[in-house]
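Written below as structure tokens is the structure these notes are about.
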Amino acid sequence: MRIELRTGDPEETRAVGEALAEFLRPRDAVALTGELGAGKTTLVQGVARGLGVKEQVVSPTFTLVREYRGRLDAAHVDVYRLDHLQDVVDLGLEEIGDGDALLLVEWGDAIDALLPEDHLTVELTEPDEGTRRLVVSAAGASWADRWERVEYALSGWSVPA
């Protein structure tokens, strides 16, 4: 389960996040990967908008975790500065939102072993100035049930195979 997308500006990247938000459930995890400045926080801003979050969404780089309330409780996590998996375990992510929070993890590939088997991965790159490439892939049975609808919702940004 994989789809490749292109966006032309930050607002389009937010719109992809907003479209994804429709399919997110309690306890879902989304690993966001890509270089610095690739648009990870921008995508999370769109997810938050789609969840009805009213407050401003900013990078959790220095705070490590920011929590937001919307249709789902969401934890926006940045593990870039953490050196060991135990540091992530010590954050107690599984307890946020009484254990039902959506996890949005920047640099999520660094903690792949700690993510649930069922999760999304969004890899963001900037192949050209101002253009974002997003590869959305899903793992697990719960995403198999949703994947066709996700592909349809994201089809406006998809790159032909």
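Looking across the stretch 115-136, the residues that are over 17 Å from Thr41 (Cα atoms) and crowded, with 16+ Cβ neighbours inside 10 Å come down to Leu115, Asp118, His119.
Can you report the number of residues in the stretch 139-154 which are open to solvent by less than 40 Å² (accessible area, probe 1.4 Å), within 24 Å of Pro10 (Cβ to Cβ) and either out of contact with any helix residue (DSSP H, G or I) (no Cβ under 9 Å at 6 or more places or on another chain) or not in a helix (DSSP H, G or I) (or both)?
First pass over the stretch 139-154, keeping only residues open to solvent by less than 40 Å² (accessible area, probe 1.4 Å): 139-140, 142-143, 146-147, 150, 153-154.
Subsequent filtering for residues that are within 24 Å of Pro10 (Cβ to Cβ) retains 150, 153-154.
Then drop every residue that is not either out of contact with any helix residue (DSSP H, G or I) (no Cβ under 9 Å at 6 or more places or on another chain) or not in a helix (DSSP H, G or I) (or both), which leaves none.
The number of residues fulfilling the criteria is 0.
Of all residues in the stretch 36-87, those satisfying the criterion of being on the phi > 0 side of the Ramachandran plot and modelled with pLDDT of 85 or more are Gly37, Gly39, Gly52.
Select from the stretch 49-62 the residues that are closer than 23 Å to Arg25 by Cβ and either assigned to a loop (DSSP other than H, G, I, E, B) or open to solvent by less than 10 Å² (accessible area, probe 1.4 Å) (or both) and list them in ascending order.
Narrowing the stretch 49-62 to residues closer than 23 Å to Arg25 by Cβ: 49-55, 57, 60.
The answer is Leu51, Gly52, Val53, Lys54, Glu55, Val57, Pro60.
Note on the stretch 16-40: residues that are open to solvent by less than 30 Å² (accessible area, probe 1.4 Å) and not in a loop (DSSP other than H, G, I, E, B) total 11.
The values are calculated or read from the model by the stated rules, or taken from the named source; none is laboratory data. Keep in mind that this is a model prediction, so the values were computed, not measured. Here the Cβ is made from the backbone with ideal geometry for all residues, glycine too, and neighbour counts use every protein chain on show. All accessible areas refer to the heavy atoms of the entire protein, side chains included, with ligands and DNA or RNA removed. Shrake-Rupley method; radii C 1.70, N 1.55, O 1.52, S 1.80 Å.
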